[in-house]
Amino acid sequence: MNGPVVPLCSAPNGNGGNLAQERLSLWLTAALLAVVAAATAARGARLLRPEVPLDAHGERAWFSWAMRSPTAVPLLARAAGELRPGEAVWISVLDPDLDPNWVRVMATYALPRQCVIGAGRAPFPLHLSRVELGPGAHVRVVRRDG
Amino acid sequence: MTDSLDLLRLLTGAGLLILIGRAATRRVGFRLAPGELALDGAVGLSLAVPVAFGCLALGVPLPPRVIAGAEAFSAVFLFLALSRQRPPAESHRAPVSEQRGLRSLSALLSAAAFAVCVWKWARVPLWSWDHYAIWGMKARKLFPFSSLDLEILRLPALTVSNPQYPLGLPVAWRLLTLGEPSARAFRGAHALFGLGALLALRQGVRRATGSDVLANALSGVLCLSPLFWDSEALGLAEMPLAFLAVAAAALLLELRHPPAVPAWAAGAAIGFVSWIKQEGVVLTGLLLLLGAVVVVGSRRSPPDRRRLVAALVLPAVVVAGAGWWLDRVLLPRGFGFFVGNWRERGLARLHDPLPIVRALARELLSTDWLGFWIVMSIVFAVALLRRRWPAVFVLSAVAADLAAFASVYVFTYLDPAEHIASSFFRIAAATVPLALLGSALLAERCAPREGAGSGGMRASSGAPASPGSPRSSAPPRA
């Protein structure tokens with residue numbers, strides 16, 4: 001035997017009210033579809049450009065930080081070829097325009113197979129392999145054994 | 001060649017998880033309704049990930065072939081074990097009368113909106129830091145030789161990776177990609193989770209309203225939201241969390257009379273939400289509450305309701321509890337936002353809460369949302385005024401989830417403004433599909449059923465109302 005019906009929703013208020021609701025629902029759905037069509041077309045058109053549009057909320061914050069010195073990361077990646085996988089590395093930041101904290105984070109992207117110990121203005125006191133980032137897009141690997 | 005291999009592994013992994021879910025939900029026949037497949041995938045993940053994590057924690061290695069074989073075996077085993085049970089009713093809601101052209105156009109628009117997002121995800125040049133140092137790092141580094149090695153999380157240098165975070169997502173990625181995910185596979189998995197969220201939302205809306213056009217329109221809106229368009233979420237836990245939360249809510253709608261899925265499968269999916277992210281714990285609690293409301297408010301006898309609530313709550317508590325216990329036993333503590341004297345901090349901030357409220361409002365009113373939260377507030381007010389309780393309950397759950405995280409900013413050891421700026425937007429984005437599903441419930445009885453005329457609207461259960469049944473506007477007994 002079924003228990004009492006617990007109502008979760010109300011019955012429509014007659015056919016007139018229902019018809020108005022249907023019409024409103026139809027207009028709202030049509031408006032939603034129009035918004036989806038317009039926004040999708042606009043976004044699709046922007047994606048046709050060679051540069052990906054990276055201006056959404058999180059992208060604005062992250063990419064403007066991560067790409068603030070576009071040449072430094074490829075320079076570090078170039079140095080990766082001279083380092084062994086798993087090798088401990090210190091990044092010497094000799095370019096005064098570069099922030100060592102930023103270099104420390106981005107070096108982990110550029111040297112994924114190495115162990116980046118840290119980054120700073122001065123050479124690390126221990127005898128580690130160093131990647132020197134100098135002014136004018138200069139990069140040099142100083143080996144721990146040489 | 002590698003591209004197609006990655007894709008093949010991803011599709012095989014997803015297909016096997018869907019098979020497990022399909023066997024568990026005991027769907028009728030072999031129809032390949034996309035929305036049902038998404039819900040099956042969510043159930044498959046909810047069952048397979050805890051089992052896989054349990055095996056890994058016990059020291060059992062899980063190389064790709066073993067994963068694939070075990071998943072196929074589990075699907076067959078579940079199918080045979082549950083074959084004596086009566087299959088649930090077909091997931092069906094009488095369709096509303098809509099022009100075929102409009103249906104096709106709306107489906108095309110929704111597909112185009114999703115395709116644009118996938119196109120962007122494929123072109124994003126760099127992983128966000130949270131993927132690189134937290135989520136992706138764990139999926140790559142914690143499973144040497146296909147076994148689980150959590151020692152790396154104890155390294156002081158990796159405190160930044162938040163070692164206390166749940167590991168459901170890294171394990172889910174490995175099950176989906178059948179091994180160590182490549183950079184391409186991470187993008188593919190993100191697209192699959194996105195597609196899952198879209199299809200689960202679509203299924204929920206169709207189930208509630210019977211309208212394909214509305215379901216497609218809301219799916220399109222989901223693709224416009226920052227959850228999809230903001231590629232910072234690429235490779236993070238927000239998209240999987242959003243998928244599992246909306247799938248769990250859609251499974252709850254499938255439980256309405258006559259149920260189209262077994263309650264225990266919906267319960268397992270609800271419990272698994274807490275495995276993905278710490279925010280998922282709150283969502284699990286709120287979804288359980290919603291589930292209880294759905295069951296209590298259904299046209300069932302009291303013993304039936306009690307049985308159904310137990311069948312829903314027990315698996316949810318077991319799955320969520322197992323995740324909590326395993327994390328507590330296996331993972332290093334790390335330090336949460338409540339480190340230090342949080343009471344004193346909180347009381348000091350509560351003396352002048354305006355800066356926090358302002359910062360939260362700034363995030364929710366950002367132009368990136370295209371007015372989403374303003375519209376949701378209006379929908380909530382209308383639902384409340386018109387006493388559309390299902391919509392009120394779901395939207396209240398979304399509001400409660402946001403409020404729970406707003407309260408964290410009161411006690412956090414970080415500067416609240418910076419903490420809000422770095423996380424609240426993403427947390428809010430993960431609730432978008434759930435909010436859209438809630439808003440669709442407002443339209444639940446507006447659409448005319450085919451063959452029923454405009455006066456033939458049925459109530460939320462989707463079943464014919466018994467003659468004289470008081471479908472009044474009174475709230476349900478909870």
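The values are calculated or read from the model by the stated rules, or taken from the named source; none is laboratory data. Every value quoted in this text rests on a predicted model; they were computed, and no experiment measured them. Quick reminder, even Gly has a Cβ in these numbers, built from the backbone with ideal geometry, and neighbours come from all protein chains shown.
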Of the residues in the range A:45-60, how many are more than 8 Å from every other protein chain (Cβ to nearest Cβ) and either over 17 Å from the mean Cα position of the chain (by Cα) or among the hydrophobic types (A, V, I, L, M, F, W, C) (or both)?
5
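Among the residues of the range B:288-317 satisfying the criterion of being of a type outside the set (Gly, Ala, Ser) and without any contact (Cβ under 8 Å) to a residue 12 or more places away in the chain, which is nearest to the other protein chains (Cβ to nearest Cβ)?
Once the filter is applied, the top-ranked residue is B:302.
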What are the residues in the range B:331-356 that are surrounded by 12 or more Cβ atoms within 10 Å (Cβ to Cβ) and under 30 Å from residue B:433 (Cα atoms), if any?
B:336, B:337, B:338, B:353, B:355, B:356
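Residues B:202, B:174, B:184: which one is touching a residue at least 40 places away in the same chain (Cβ under 8 Å), away from every other protein chain (no Cβ under 14 Å), part of a helix (DSSP H, G or I) and surrounded by 24 or more Cβ atoms within 10 Å (Cβ to Cβ)?
On the way: B:202 fails: away from every other protein chain (no Cβ under 14 Å); B:184 fails: surrounded by 24 or more Cβ atoms within 10 Å (Cβ to Cβ).
Unique residue meeting the criteria: B:174.
Matching residues to (1) over 17 Å from the mean Cα position of the chain (by Cα); (2) at pLDDT below 90; (3) loosely packed, with under 13 Cβ neighbours inside 10 Å:
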{"site": "A:9", "(1), (2), (3)": "yes, yes, no"}
{"site": "A:29", "(1), (2), (3)": "yes, no, no"}
{"site": "A:43", "(1), (2), (3)": "yes, no, no"}
{"site": "A:62", "(1), (2), (3)": "no, yes, no"}
{"site": "A:75", "(1), (2), (3)": "yes, no, no"}
{"site": "A:91", "(1), (2), (3)": "yes, no, no"}
{"site": "A:101", "(1), (2), (3)": "yes, no, yes"}
{"site": "A:108", "(1), (2), (3)": "no, yes, no"}
Considering every residue within the range B:339-362, establish whether at least one is in a helix (DSSP H, G or I) and within 13 Å of chain A (Cβ to nearest Cβ).
yes
Being touching a residue at least 24 places away in the same chain (Cβ under 8 Å), out of contact with any Ser or Thr (no Cβ under 8 Å at 6 or more places or on another chain) and under 25 Å from residue B:256 (Cβ atoms) narrows B:395, B:436 down to just B:436
Kindly indicate whether any position in the range B:440-452 is modelled with pLDDT of 90 or more and buried (at least 21 other Cβ atoms within 10 Å of the Cβ).
yes
Quick check, is residue B:246 among the β-branched types (Val, Ile, Thr), farther than 17 Å from residue B:50 by Cβ and surrounded by 20 or more Cβ atoms within 10 Å (Cβ to Cβ)?
yes
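Run down A:86, A:120 and say which single residue is more than 30 Å from residue B:365 (Cα to Cα), in contact (Cβ under 8 Å) with a residue 12 or more places away in the chain and touching a Cys at 6+ places or on another chain (Cβ under 8 Å). Explain how you work it out, then say what you get.
On the way: A:120 fails: touching a Cys at 6+ places or on another chain (Cβ under 8 Å).
Exactly one of A:86, A:120 is more than 30 Å from residue B:365 (Cα to Cα), in contact (Cβ under 8 Å) with a residue 12 or more places away in the chain and touching a Cys at 6+ places or on another chain (Cβ under 8 Å), namely A:86.
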Of (1) within 13 Å of chain A (Cβ to nearest Cβ); (2) not in a helix (DSSP H, G or I), residue B:165 satisfies all except one. Which?
(1)
